[in-house]
Amino acid sequence: MKKIIYCLFLIIILLFSSCQDNGSTAKTTVDFWHVMGGPADEALTELVSRFNNDNPDIKIVLVSVGNYEQLSQKLMAATKNPPVMSQVYESWTSEFYDAGLLTPIENLCTEEYLEDIRSDIFPILIKDNTFSGKLVSMPFNKSVPAYFYNDDLYKKNGISSFPVNWEEFKSDMKKMTYDENGDKEIDIHGTAFNVNVWLFECRLFQYGGELTDSNLNPMFQSKSGIRAVQDDYDMIEKDKSAYITTGYQHQDDFLSKKITTMTGSCVSLSFIQASNPDFTLRIAPVPAGDKQAVVISGTNVAIFNKATKEQQDAAMKFIQFFTSTKSQAFWSYKTGYLPVRRSSLSDTLLVSRFAEVEGLRAVYEQIEHSYLEPQAKEWYIGRKLLGNALEYALKNSKTIEKSLNDAAKEFNEELKR
């Protein structure tokens, strides 16, 4: 009798274990390679946790890959065994898609969903993720440039609001550059900045220029490009109201009140606020040139076609969740990244954020007059050459015109190779 009871007990245990195993193996696992850190990592982890709880048959597994350079290297080395999905820059997407390694988002969703996102997601972000006429990827952590300023110093110097164009900006930076203690040395400058391709690009488009033509021939060396560099050059060399920094020195100098104004990303806000500045911090859109224009920055997310159909469908389900109105409002509220949907701007979370931070909504709304960098993989080299040219020009190693022309010539040579 004891043997019979013992055998029955073993059978029950085995059946229970079998049920447990079947439940776990039925779960579709999706690895997601990313490089998010700090508040963005926390927000992404929270959203993944919510999704996994609501979808017990799917498990999104976050895999942190360090920084963007490491992610690029790891993805390039893993083309035979890539993740199910990953953060990607446009140039990477172009290369992977041309190599037949990606499943276009368009192939994984319904016409109803496509109509929904095309009516609500900002058009520039749809364009950013469209390759050869197909929606291949989806926007992930997107940002626009912004300016941060010390409103106490502005008011002290008789300036009531942030300048709306570059002429006003240069004039105001001169007014806020002075010797405070009478030792005949400048104690406070208007602004300081790193050599900045992103801001150059914004001004280039504002002055009617282009980075390249449709065949990727460089056009940044135009009169518009020269004019875009001249603004910074005049502040450094002529007005002495600005100086060049490296790393995060300009942010440190801003917080220590050595400068009144600094440029950054909309995402910089949370980092500056976390430093608890002892002055009234304000945020504002980039000043305009002949027109308003900014360049969108950040990565997208793509799905690799080596994954099973179940994994691809599960990844797509997560992307739909992540890009929903509510999720995007939460993501933007927690990180400072742009919400990808217009409808998210009216969500209660973001409405409360806009009430807390004067000027933030206007910064986000720059997306309505935004432009993109070239999607082609070759632009990675072009951007580096452009950055070198700006450094030569602003540090007086070459004239502005020669710096840009030399960079354009080098890029053309790279394209021929």
Q | Too-long pairs where the Cα-Cα distance tops 19 Å, listed order kept, from Lys80/Lys306; Lys27/Lys334; Lys155/Lys258; Lys238/Lys395 | A | Lys27/Lys334
**Q.** the chain - percent relative contact order, Cα under 8 Å, separation 6 or more
**A.** 24 percent
Q) Can you list residues whose amide H is under 5 Å from Ser265's amide H, if they're 5+ apart or on another chain and H is modeled 1.01 Å from N? A) Ala146
Q: Please check which bits of the range 230-246 a label hung off Ile186 would reach, taking the label as a point 7 Å along Cα-to-C-beta and the cut-off as backbone N under 15 Å.
A: 231-245
Q.
If you restrict to DSSP beta bridges whose two residues both lie in the chain, what percentage is antiparallel, to the nearest 5?
A. 60 percent
**Q.** Three-way shape call for the range 291-417 based on the alpha-carbon gyration tensor, with the a/c threshold at 1.5
**A.** oblate
Q: Mind jotting down the distance between the C-alpha centroids of the range 43-58 and the range 285-335, whole Å?
A: 17 Å
Q: Would you kindly derive the ³J(HN,Hα) couplings of the range 41-57 from the backbone phi angles with the Karplus curve 6.51 cos²θ - 1.76 cosθ + 1.60 (θ = phi - 60°), listing them in order in whole Hz, with x for Gly and Pro?
A: 5, 4, 5, 5, 4, 5, 5, 5, 4, 4, 5, 4, 5, 7, 10, x, 8
Q | Mean-position separation - Cα centroids, the range 372-406 and the range 133-154, in angstrom | A | 22 Å
Q. What percent do you get for the relative contact order of the range 141-268 when only Cα pairs under 8 Å and 6+ apart count?
A. 37 percent
Q | Built amide H within the under 5 Å cut-off of Ile188, gap 5+ | A | Tyr178, Glu180
Q. Hey, what number do you get for the chain at 222 nm if only DSSP H runs of n ≥ 4 count, each worth -39500 (n - 2.57), divided across all residues, to the nearest 500?
A. -14500 deg cm²/dmol
Q: Would you work out which of Pro83, Asn165, Tyr147 lies farthest towards the positive end of the dipole of the chain? Charges go on Cβ: Lys and Arg +1, Asp and Glu -1.
A: Pro83
**Q.** Phi-based couplings in Hz for the range 151-157 (Karplus 6.51, -1.76, 1.60; Gly and Pro marked x)
**A.** 5, 5, 6, 4, 5, 4, 9
Q. To the nearest 10 degrees, how steep is helix 111-120 against the longest Cα principal axis of the chain, on a 0 to 90 scale?
A. 30 degrees
Q | Cut-off under 5 Å, modelled amide H: who pairs with Lys59 long-range | A | Thr28, Thr29, Val30
Q: Treating each Cα of the chain as an identical point scatterer and ignoring solvent, apply the Debye formula and state log10 I(q)/I(0) at q = 0.07, 0.11, 0.13, 0.14 Å⁻¹.
A: -0.40, -0.89, -1.18, -1.33
Q.
Can you compute the FRET efficiency between Gln249 and Ala26 using 1/(1 + (r/R0)^6), with r the Cβ-Cβ distance and R0 = 35 Å? Round to the nearest 0.05.
A. 0.05
Q: Report, in debye and to the nearest 20, how large the dipole of the range 145-233 comes out about its Cα centre when Lys and Arg carry +1 and Asp and Glu carry -1 on their Cβ.
A: 240 debye
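We did not get these values from a lab; they are worked out from the coordinates using the rules stated. Just so it is clear, the structure is predicted and the values come from calculations on it, not from any experiment. So basically every Cβ, Gly included, is an ideal-geometry build from the backbone, and we count neighbours across all protein chains shown.
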